[in-house]
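Quick notes on the structure that follows.
Taken together, the values in this text are just the output of simple stated rules run on the coordinates, not laboratory data. From a predicted model like this one, the values you see are computed outputs, not experimental measurements. All Cβ positions, glycine included, derive from the backbone under ideal geometry; neighbour counts span all protein chains shown.
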Amino acid sequence: MKNNAWLLSVAVSFLLLACQSAKESADLVIKGGKIYTVSDTQSMVEAVAVTGDKIVFTGTEEEVRQYIGTSTQVIELEGKTMVPGFIEGHGHFMGVGYNELNLDLMYVKSYDELIEKVKEAVAKAEPGQWILGRGWHQDKWDVKPDKLIKGFQTHHQLSEVSPNNPVFLRHASGHAALANAKAMEIAGVNQLSKEVIQELSEDGGEIIRDELGNPTGIFNERAMGLISRYMPSDEDGRDEQALELAIKACWRNGITSFHDAGVSRENIALFSDFKQKGKLGIRLYVMLTGWDYDLLQEWFKKGPEVDAENLLTVRSVKLNCDGALGSRGAWLLEPYTDRPDFYGMATYSMDSVLSISRQALKAGFQVCSHAIGDRANQEILNRYEIAFKENPTVSDHRFRIEHAQHLHPQDIPRFGQLGVIPALQAIHMSSDRPWAIERLGEKRIKEGAYMWQSLLKSGAVIVNGTDAPVEPVNPIPSFYASVSRKTLAGEPEGGYEPEEKMTRIQALRSYTLDAAYGAFEEKSKGSIEVGKLADFAILSEDIMQCDEQQILNAQVIMTIMGGKVVYTNPMK
């Protein structure tokens, strides 16, 4: 009897051990490389275990063995580097997809090259079909057109190659556009009356005209609506195609979350539909467009929607308050150095900024205001401060200024003092700094442009990104710009205003944990810690320790979202 009892005891012990082992087995284990956690308590680990969509272990390779069972997927890093999934802190999600559907003009080096691309598109199009594109930037061209009016090309050469097709090509910044004669004919734009021109100017828009008063084809800021209102709406499911392409573009670049800066009710409906069908393969943090007042009021009435599935959250508002430096639409305290009669423009009423800020605080919404020029930033900080003082019980508002590109020196410390988040795009410095000095002059550039380290020292939390499709959605060049302050060609030696560089850990945080903070999501994502979402990017280079210029060689080897491999680089 004693032997039988002993055997039964041993059997029960083995059964309990087996059950315990099965319980501890993870769905996924990743090991064998450098894993940067962006955690304050444990900055690097050797291995990670995942069950479901959550991290259940971080530590050593020796310790992680207990999580490996017969059904555990094991990914060997083979010496490569893993970081938290990148969070695009400010972009335009549908724009990323549409950039792949329409003409991508981001890399054209001259007006002649742009014309050739349109000519090729016209040859494939039906008469009357719209030719749409985005990405041109006249200050980045190697060769400038012979004729420039207020710094821009005219439509005539474009119109010659597209007589029967309306053409509308957005500037890289999204704050100006070039239209051909056919598009202007459809819109009824010709020698507009002084009253219409004055009304446009007061509304935050400008049609650039020649010496005879004829439109040159350049439509700045809100004047773009004169043409865009005649463009066709979604045809043949192009919105769905664009959304699918945007998701895949994010995966290719190690992005698992995306702050979508200015979304319409139609796009929210599309995102919701994709989520219900299990097709929304990205975590979207949505900012309601401030252009749709009724949309804002509807959401203020019903309150934020924070998704328990961590896929589609709506709790913020985007206000477009000025233009861009490239189009000279950024609103400045002093005139443009290269256009001394012009200060840029406000594209959104400051009274409305204050009114919406008050309403948002009461309704539990975050306000994210686009501001590039120093006056726009100052005016918005002033309105935020009034709203905060009127609502002292709302201590964790996390209001943001999107771009915060050019600041008056006295306004820099106000970000930290007020708890306002500067959501910047470091890659803009790399792309724009060589010509931005023409807009602002040396003094304003050195004292107030791209002031990252000064903002961090003020106590501000920086959110990084690309503003895609203004820039390519790839986080690596923006990370490089953050730590080098150089162009992508590696110039100048030492970087522009090097005292404003971020450290590598600051730059990585701005793209992960601090970006999550900018969306009230730092408790669920942004670092590799137990209990957080298993979102990772595996890179070919150790961007935290490699030579500075080597950072640009880093490629995404694999993207993991919620513990599932969603992308594997076919070339690696």
### Task
Quote the relative contact order of the chain in percent (integer), defining contacts as alpha-carbon pairs under 8 Å separated by 6+ residues.
16 percent
### Summary
Expected sort for 488-498, 85-95 on mean C-beta neighbours within 10 Å, highest first, is 85-95, 488-498
### Query
Out of residues 5 or more away from V167 or on other chains, whose amide H comes under 5 Å of its own, with H placed 1.01 Å from N in the peptide plane?
I131, N180, K182, A183
#### Entry: Where trypsin sites (Lys or Arg not before Pro) fall in DSSP loop in region 501-566, at most 12 other Cβ within 10 Å
K523
### Task
Residues in region 545-561, backbone N under 14 Å from the label point at E491 (7 Å along the Cα-to-beta-carbon vector): list them, ranges by number please.
none
## Note on the structure
To the nearest 10 degrees, the tilt of helix 111-124 (Cα long axis) against the first principal axis of the alpha carbons of the chain is 80 degrees
### Task
Take the alpha carbon atoms of region 423-443, find their center, do the same for region 501-551, and report the distance between the two centers in whole angstrom.
24 Å
### Tilt relative to the chain, helix 426-448 - C-alpha long axis, 0 to 90 degrees, to 10
50 degrees
### Message
So if I take the centroid of the Cα atoms in region 272-312 and the same for region 244-264, what is the distance between those two points in Å?
### Response
14 Å
### Summary
For the chain, longest principal axis from Cα atoms; helix 2-24 axis from its Cα atoms; angle between them, nearest 10 degrees, is 10 degrees
### Query
Under the rule of -39500 (n - 2.57) per DSSP H run of 4 or more residues, summed and divided by the residues of the chain, what mean residue ellipticity at 222 nm is obtained, to the nearest 500 deg cm²/dmol?
-10500 deg cm²/dmol
#### Entry: Relative intensity, log₁₀ I(q)/I(0), of region 248-301 from a Debye sum that treats every alpha carbon as a point, q = 0.14 Å⁻¹
-0.43
### Query
Where the centre of each part is set by its Cα atoms, how far does region 50-96 sit from region 342-400, in angstrom?
38 Å
### Message
When a/c reaches 1.5 or more, the comparison of a/b and b/c decides; with that in mind, is region 517-572 rounded, prolate or oblate per its Cα gyration tensor?
### Response
oblate
### Query
What ratio of Cα Rg to 2.2 N^0.38 Å holds for the chain?
1.05
### Query
Which pairs in the list K109/K182; K34/K277; K248/K525; K140/K564 are over 31 Å apart, alpha-carbon to alpha-carbon?
K34/K277; K140/K564
### Message
I'd like the Kirkwood hydrodynamic radius of region 394-523, using the inverse of the mean 1/r over distinct C-alpha pairs, in Å.
### Response
14.7 Å
## Note on the structure
Rh (Kirkwood, all Cα-Cα pairs) for region 101-228, Å, reads 14.6 Å
### Task
Just grab the label-to-label distance for K54 and K389, each label 7 Å out from Cα along the Cβ direction, in nm (one decimal).
4.4 nm
### Summary
So, relative contact order of region 101-228 in percent, Cα under 8 Å, 6 or more apart, is 22 percent
### Query
Near the amide H of M558, under 5 Å away, which other amide H atoms are found, from residues 5 or more places off or on another chain, if H is placed in the peptide plane?
I538, N569
### Task
With a Förster radius of 22 Å, plug the Cβ-Cβ distance of S233 and Q297 into 1/(1 + (r/R0)^6) and report the FRET value to the nearest 0.05.
0.40
